[in-house]
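Here is the structure we will look at.
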Amino acid sequence: MAQRPRASLGRVLDDLGDSLLELVAGDPAHDGEIGGVVIHDPDDEPVQPPAALVLGVGVPPAGLPDLVRDVGRQGAVGLIVRAPVAMSPALDAAVREAGLALLGLRRGATWGQLTALLRSLLAEGDIRPAEAESIGGLPSGDLFAVANAVGALLDAPVTIEDRSSRVLAFSGRQDEADSSRVETIIGRQVPEKYAKALTELGIFRQLYREHRPVVVNPADLGADAVSKQRVAIAVRAGDEVLGSIWAAMDGEVTPERSAVLQDSAKLVALHMLRVRAGADVQRRLRTDLVSTALEGGVGAREALSRLGLDGKQVVVLAGALRTEQPGDAWLSSDQPAGLVPGETGGQTGALERVADALSVHLAASAPGSAVAVVGGIAYGLLAVGSGAHGSGPEERAARLAEEFCGRVGSRLPIVVGVGSAGDDVRGVSESRATATRVLRVLREGHAGRRVARLPDVHAQSLLLELRDLAAARGERPVGPVARLLAYDEQNESDLAVTLGAWLDALGDVRAAATALFIHPNTLRYRLRRLEEVSGLDLADPDQRFAAMLQLRILGPPSSQAGRVRS
């Protein structure tokens, strides 16, 4: 039987860092996977597997440098101790000598929480059918089972809600509460009027500050629909508030009930973190598979097979947010270095939302499609055949992309490049290259559309590639255009812009004057002036073409006002 894949130290920090762990010292970028989790016991030295993650429970600060060196000699990749950790020269030297990462368990988090979550993460990636994991005797991540268990312990109907008062799960016996609870369950969201009242009363502020239950008197809400007392407690993982538990029950909150709620909050936190970690793992797996398939190298066929796309006709969509900044640095479409997962820049959240929305949109129209953010671009792999009326797969993919952009509307300035159709590894890689090439034109605003295929923007794409080549070679304008640009810079004039507008208008003085918002006679004067300054013969077609090419490829952005926009 194959060995179960395990998580790396970097992934443990990615998944748990915000809630439970912080990097104190050392480098977490260790190659390979964590070999296991070991709890340090000074009285009984455990058998430590290679690349172990050691939990230093109760280690005194004075003994920390010696422990770091000891576990480092045994090949550990990381040591976790209780935060805050006071760094000293001796400890810093020990960490560097051991070559491991020193992590701190954040205040408020328990070693039990950490151990359960580490075991879950180390078990992820097993694609074989396996027995369901459990946390606290309940199926891992099953918040409804947790809600029913908490409700039985409290003898009251409960809901589990997130920070936005959305109902994640609820127990049975909700009919024993009042009509406001029924309204909340039906809508899976606390009604706005009640949420507003709770905010104004300072309940949420108190709830997220306290580590004990908070009681809400129904009379304070001033609503007839609320007749039962609410008792709530925040669900925390370390310093992070994940959500809350709300019980509708009458009577005094006895120490026993308070203890049940506090213990339940810890259990719910584990399950909520497990749900979140599971979603992150699925997203990461999908991203890795999509990235591998797009690169077209070793493992691409297996990735396509695991995505359910092997042997199918695939069209790649490439989506991103429009920048309207032609100077943005972009990798050329034939550079696989742009397909490094995680290189998403400062718009990661928006791109993830775009990818999620695109995935939902394609689920009904193109089942089996795979969408992921790779290298700052939301890529979609669509298994599409020919559509109605003889339309090909590219046309169908473009139509689906148009529908998606129409649904998103102006809320997200998304643009989508459509690749070619391919039915093998090489075809998918070429489709990605084409889609990325088209996307660059759309993203930099060189076409007045949101969705395009290569035939729609071929000329603009060629010009951008010529501009990249010229920039790489250090080309500069020469001859008449160089003299014209130098004159504009010295005299703060716009003769180069005038020339670009006149060339784009094919010599139509009235059309060029309208584009520049000036009188035709003013334009005629400027044309005579720029001929005098530059020595350019506007009657010579070769000189006109050379000037147009230099302005578009080598000129500054201000002189490229006449770029073709289809």
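Observations on the structure shown:
- Considering only residues in the stretch 68-118 that are part of a helix (DSSP H, G or I) and among the polar types (S, T, N, Q), the one that is farthest from Asp239 (Cα to Cα) turns out to be Thr115.
- Consider the stretch 471-487 and keep the residues that are touching a residue at least 60 places away in the same chain (Cβ under 8 Å) and not in a helix (DSSP H, G or I). The one that is surrounded by the most Cβ atoms within 10 Å (Cβ to Cβ) is Pro477.
For every residue, the table says whether it meets (1) surrounded by 13 or more Cβ atoms within 10 Å (Cβ to Cβ); (2) over 20 Å from Ser258 (Cα atoms); (3) modelled with pLDDT of 85 or more; (4) not assigned by TED's automatic domain parsing to the domain that holds Val68.
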{"site": "Pro84", "(1), (2), (3), (4)": "no, yes, yes, no"}
{"site": "Ala109", "(1), (2), (3), (4)": "yes, no, no, no"}
{"site": "Thr115", "(1), (2), (3), (4)": "yes, yes, no, no"}
{"site": "Gly141", "(1), (2), (3), (4)": "yes, yes, no, yes"}
{"site": "Ala147", "(1), (2), (3), (4)": "yes, no, yes, yes"}
{"site": "Ala152", "(1), (2), (3), (4)": "yes, no, yes, yes"}
{"site": "Ile160", "(1), (2), (3), (4)": "yes, no, yes, yes"}
{"site": "Ser164", "(1), (2), (3), (4)": "no, yes, no, yes"}
{"site": "Ala177", "(1), (2), (3), (4)": "yes, no, no, yes"}
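- Only listed residue being at pLDDT below 90 and within 20 Å of Arg443 (Cα to Cα), chosen from Ser420, Ser391, Ser410: Ser410
- Candidate set from the stretch 448-462 (those that are buried (at least 17 other Cβ atoms within 10 Å of the Cβ) and not charged (D, E, K, R)); member that is nearest to Ala421 (Cα to Cα): Leu454
- When Lys193 is tested against the conditions (1) touching a residue at least 12 places away in the same chain (Cβ under 8 Å); (2) within 27 Å of Ala259 (Cβ to Cβ); (3) among the charged types (D, E, K, R); (4) surrounded by fewer than 20 Cβ atoms within 10 Å (Cβ to Cβ), the lone failure is (2).
Listed here are the residues, each with its yes/no results for (1) in contact with a Leu (Cβ under 7 Å, 6 or more places away or on another chain); (2) modelled with pLDDT under 70; (3) not small (Gly, Ala, Ser).
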site	(1), (2), (3)
Asp334	no, yes, yes
Ser359	no, no, no
Leu382	yes, no, yes
Ser386	no, yes, no
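- Top-ranked residue of the stretch 208-237 - restricted to ones that are surrounded by 13 or more Cβ atoms within 10 Å (Cβ to Cβ) and among the small types (Gly, Ala, Ser), ranked as nearest to Phe170 (Cα to Cα): Ala232
- Residue within the stretch 193-203 that is out of contact with any Leu (no Cβ under 9 Å at 6 or more places or on another chain), over 17 Å from Ala247 (Cβ atoms) and assigned to a strand (DSSP E or B) present: no
- Selection count where residues are farther than 16 Å from Val315 by Cβ and touching a Lys or Arg at 6+ places or on another chain (Cβ under 6 Å), scope the stretch 422-445: 1
- Of all residues making up the stretch 10-49, the number that are within 26 Å of Arg274 (Cα to Cα), of a type in the set (Val, Ile, Thr) and at pLDDT below 75: 0
For (1) farther than 30 Å from Ala383 by Cβ; (2) touching a Pro at 6+ places or on another chain (Cβ under 9 Å); (3) modelled with pLDDT of 85 or more, each residue gets a yes or a no:
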residue: Glu252; (1), (2), (3): yes, no, yes
residue: Gly278; (1), (2), (3): no, no, no
residue: Glu302; (1), (2), (3): no, no, yes
residue: Gly311; (1), (2), (3): no, no, no
residue: Gln347; (1), (2), (3): no, no, no
residue: Leu351; (1), (2), (3): no, no, no
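The values are calculated or read from the model by the stated rules, or taken from the named source; none is laboratory data. Because the structure is a prediction, the values reported are computed rather than measured. All Cβ positions, glycine included, derive from the backbone under ideal geometry; neighbour counts span all protein chains shown.
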